[in-house]
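S.K.: Structure below; questions to follow.
The values are calculated or read from the model by the stated rules, or taken from the named source; none is laboratory data. None of the values given here were measured: they were computed from a predicted structure. Every residue, glycine as well, gets a Cβ built from its backbone with ideal geometry; the counts of neighbours run over all protein chains shown.
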Amino acid sequence: MSKNIKLMQGNEACVEGALYAGMKFYAGYPITPSTEIAEKSAEKLPLVGGKFIQMEDEIAGIATAIGGSLAGKKSMTATSGPGFSLKQENIGYAMIAEIPLVVINVQRGGPSTGLPTAPAQGEIMQAKWGTHGDHPVIALSPDSVRETFDLTVRAFNLAEKYRTPVMLLTDEIVGHMREKIEIPAPGELEVFDRLGPVDGEDYSPYGLRQGECVPRMAAFGEGHRYHVTGLFHDETGFPSNSTENAGIMLDRMMNKIENNLDDIIQYEEYMLEDAEVCIISYGSSARATKGAIDMLRAEGIKAGMFRAITIWPFAEKRVAELGERFDNILVAELNLGQYVYEVDRVVKGKAKVTHVGRADGEVLAPVEIAAKVKEVM
Amino acid sequence: MNNPMVDKYFRMDNLPHIWCPGCGNGIIMLALAKAIDKLGLDKDKVCVVSGIGCSSRAPGYLDFNTLHTTHGRALAFATGVKLANPELEVIVISGDGDASAIGGNHLIHAARRNIGITTIVFNNNIYGMTGGQYSPTTPSGDLGTTAPHGNIDRPFDIAMLAAAAGATYSARSTVFHGKQLEAIIEKAIAHKGFSMVEAITTCPTYYGRKNKKGSAADMLKFLKDSFIDVKVAEKLPEEKKAGKFLMGEFKNEEGVVEYTEAYDAMIERLKK
């Protein structure tokens with residue numbers, strides 16, 4: 001069979017990946033630089049019997065997407081900085097009510113309206129802590145057009161498997177650049193479908209079946225007539241003021257992620273085997289980091305990279321090992337210092353951790369990263 | 001013995017409800033159950049969605065697919081449920097603050113789209129859950145804990161707001177006029193397109209006490225004496241209408257395409 005090769009931008013690849021994963025519902029609000037995701041979804045969804053709706057604002061965008069998911073459809077919304085801020089309350093709702101959902105954030109310069117057409121990686125910490133209260137978080141970040149496709153599929157899989165919103169943190173560079181990609185054939189990538197109630201068993205919307213760590217999810221209209229709320233609730237789904245119950249429920253929500261880190265965490269190690277200095281990066285900054293590594297190696301400096309693909313949960317175990325092995329770790333990211341604090345926390349002073357980044361809308365250039373490496377070594 | 005509607009449509013394990021003595025919300029909830037019963041709807045195909053506030057606790061007591069969402073957003077969640085599965089009869093329960101303050105944008109746009117959702121606004125003219133702050137429907141001059149010197153805001157007329165925004169059915173009744181309320185809810189659910197039912201209810205605990213409106217019974221009597229049907233009002237001389245409020249059906253427009261049907265028609269058109 002001939003290969004399906006296309007030239008497309010990251011935002012288009014996101015929609016292609018979503019459709020590959022079985023997206024049938026999209027609700028959102030236009031915002032630069034994510035708008036192409038809404039445009040492509042509007043074009044393609046009705047062709048596959050799916051639904052697209054442009055809502056009146058960002059908050060409605062995510063709320064409607066959650067409603068679509070409850071009615072049984074694989075559901076997505078996409079936004080950028082200001083919209084990501086507006087969506088935070090309902091991201092928390094999807095977390096506590098355990099509704100599968102994919103939230104794309106094509107990061108741009110902030111704060112506020114900031115630099116709408118310029119790249120940034122400023123929502124790394126917001127993805128983890130942006131909604132109030134303690135909660136489980138999964139966030140992924142691609143560094144290429146093809147990886148945007150793959151990680152959108154993976155975001156749907158993780159959302160459906162763990163019944164939680166999954167955030168895909170791309171940025172203006174990855175979202176808008178065009179690359180040649182091979183579209184995977186049907187069946188080539190894993191596609192996970194939500195597990196529903198088991199025939200002949202009493203359905204408990206927030207209770208666990210023996211040996212499972214995620215409650216089964218029934219769609220509204222299938223005959224189970226259950227209750228969904230953003231209040232703490234018990235296994236029945238009805239609100240409960242019991243602090244004991246709240247503790248049990250929160251532990252279960254955290255554990256469904258914490259006990260499956262090997263399944264959720266992905267990273268790439270680039271020329272790290274013989275490296276003398278380690279650069280940690282992700283997303284578009286990882287592309288600049290690869291360039292810096294080539295430059296440094298040409299000068300005889302053995303640099304290598306740890307590239308986080310899963311941003312949250314953090315690859316704590318592996319980064320701690322890197323802290324033991326290296327004297328110097330640089331964190332290259334398009335902000336004034338976010339992921340670097342997580343690296344520093346885990347390395348616990350075993351290596352010197354240095355940040356290299358900027359937040360003025362310019363890209364992080366390989367030469368800047370290379371210069372910083374030489375400065376610290 | 002329970003009212004048979006309670007046995008048939010309520011989640012007995014979750015009762016009694018949290019509402020104060022004298023609150024009118026239960027009357028609206030029962031009117032909704034009776035309307036659903038008259039229409040003979042399949043419980044599995046009914047979805048009741050709410051936001052945050054006193055009225056928004058109602059879905060927890062009702063035995064349907066129920067969704068208690070974030071403050072003001074019930075109509076946005078409901079839009080997702082309805083568009084993803086148009087077979088479902090989607091009913092939104094909201095309050096005056098939830099629907100017309102924090103959720104006002106969603107209200108006018110759901111009405112504009114004419115999506116097949118029935119919205120019942122429990123209008124008690126106050127924020128009850130948080131203890132008596134003035135809402136977008138608190139009459140000018142009235143007191144609230146955040147209007148200690150009298151409310152200088154002008155109130156919304158929610159039924160008119162929805163009609164003006166494009167709702168194809170809009171009506172109002174009160175918790176004193178239970179039979180009419182029930183009939184209006186029944187018509188609103190049966191209506192194809194966006195329907196608004198503004199149900200005027202009583203909050204003796206906060207609105208009533210703060211504004212010296214007397215007992216719960218006094219407040220119901222006020223509704224009895226102050227509301228006249230729009231059809232009756234048409235024939236009354238001006239002096240008899242002074243100081244009265246209108247209830248009844250304000251808009252009932254048939255034949256406007258419903259949003260999810262328009263979407264499904266587009267899907268069909270694209271197949272050709």
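S.K.: Looking at the structure I just gave you, is residue A:51 at pLDDT 95 or above, surrounded by fewer than 21 Cβ atoms within 10 Å (Cβ to Cβ), out of contact with any Lys or Arg (no Cβ under 6 Å at 6 or more places or on another chain) and among the basic types (Lys, Arg)?
M.R.: No: the conditions fail for residue A:51.
S.K.: In segment B:1-84, which helices (runs of 4 or more DSSP H) lie fully inside it and hold 2 or more residues that are closer than 21 Å to residue A:64 by Cα and not hydroxyl-bearing (Ser, Thr, Tyr)?
M.R.: The qualifying helices (runs of 4 or more DSSP H) are B:74-84.
S.K.: Kindly provide the set of residues from segment B:85-99 that are more than 8 Å from chain A (Cβ to nearest Cβ) and either outside any helix (DSSP H, G or I) or closer than 20 Å to residue B:14 by Cβ (or both), ordered by number.
M.R.: Passing the criteria: B:86, B:89, B:90, B:91, B:92, B:93, B:94, B:95.
S.K.: How about segment A:233-263: which of its residues are over 25 Å from the mean Cα position of the chain (by Cα) and either of a type in the set (Phe, Trp, Tyr) or away from every other protein chain (no Cβ under 14 Å) (or both)?
M.R.: A:238, A:242, A:243, A:244, A:245, A:246, A:247, A:248 - these are the residues of segment A:233-263 that are over 25 Å from the mean Cα position of the chain (by Cα) and either of a type in the set (Phe, Trp, Tyr) or away from every other protein chain (no Cβ under 14 Å) (or both).
S.K.: Could I ask something else about it? Exactly one condition in (1) more than 19 Å from residue B:106 (Cβ to Cβ); (2) crowded, with 22+ Cβ neighbours inside 10 Å; (3) hydrophobic (A, V, I, L, M, F, W, C); (4) touching a Lys or Arg at 6+ places or on another chain (Cβ under 8 Å) is false for residue A:118; which is it?
M.R.: Tallying (1) more than 19 Å from residue B:106 (Cβ to Cβ); (2) crowded, with 22+ Cβ neighbours inside 10 Å; (3) hydrophobic (A, V, I, L, M, F, W, C); (4) touching a Lys or Arg at 6+ places or on another chain (Cβ under 8 Å), residue A:118 fails exactly one: (2).
S.K.: I'd like to know if segment B:8-20 contains one or more residues that are touching a strand residue (DSSP E or B) at 6+ places or on another chain (Cβ under 8 Å) and closer than 19 Å to residue A:218 by Cβ.
M.R.: Yes: segment B:8-20 contains one or more residues that are touching a strand residue (DSSP E or B) at 6+ places or on another chain (Cβ under 8 Å) and closer than 19 Å to residue A:218 by Cβ.
S.K.: Has segment A:132-142 got any residue that is under 23 Å from residue A:364 (Cα atoms), modelled with pLDDT of 95 or more, out of contact with any strand residue (DSSP E or B) (no Cβ under 8 Å at 6 or more places or on another chain) and crowded, with 21+ Cβ neighbours inside 10 Å?
M.R.: no
S.K.: Just to be sure, is residue A:22 more than 18 Å from the chain's Cα centre (by Cα) and within 14 Å of chain B (Cβ to nearest Cβ)?
M.R.: no
S.K.: Residues that are out of contact with any strand residue (DSSP E or B) (no Cβ under 7 Å at 6 or more places or on another chain): find the strands (runs of 3 or more DSSP E) completely inside segment A:165-234 holding 1 or more of those.
M.R.: Passing ranges, in order: A:178-183.
S.K.: From (1) among the aliphatic types (A, V, I, L, M); (2) in a helix (DSSP H, G or I); (3) in contact with a Lys or Arg (Cβ under 8 Å, 6 or more places away or on another chain), pick out the condition that doesn't hold for residue B:188.
M.R.: Exception for residue B:188: condition (3).
S.K.: Where residues in segment B:53-97 are among the β-branched types (Val, Ile, Thr) and in contact with a strand residue (DSSP E or B) (Cβ under 9 Å, 6 or more places away or on another chain), which of them is surrounded by the fewest Cβ atoms within 10 Å (Cβ to Cβ)?
M.R.: Taking the candidates together, the pick is B:66.
S.K.: Restricting attention to segment B:100-129, which residues are within 12 Å of residue B:50 (Cα to Cα) and either in a helix (DSSP H, G or I) or facing chain A (nearest Cβ under 10 Å) (or both)?
M.R.: B:103 - this is the single residue of segment B:100-129 that is within 12 Å of residue B:50 (Cα to Cα) and either in a helix (DSSP H, G or I) or facing chain A (nearest Cβ under 10 Å) (or both).
S.K.: Could you list, ordered by first residue, the pairs with Cβ atoms under 6 Å in which the first is in segment B:121-149 and more than 29 Å from residue B:189 (Cα to Cα) and the second is assigned to a strand (DSSP E or B) and among the hydrophobic types (A, V, I, L, M, F, W, C), at least 6 apart or interchain?
M.R.: Here the result reads B:134/B:147, each pair linking segment B:121-149 to a residue that is assigned to a strand (DSSP E or B) and among the hydrophobic types (A, V, I, L, M, F, W, C).
S.K.: Let me ask another. Considering only residues that are closer than 24 Å to residue A:251 by Cα and either part of a helix (DSSP H, G or I) or of a type in the set (Phe, Trp, Tyr) (or both), which ones fall in segment A:70-103?
M.R.: A:70, A:88, A:89, A:90, A:91, A:92, A:93, A:94, A:95, A:96, A:97
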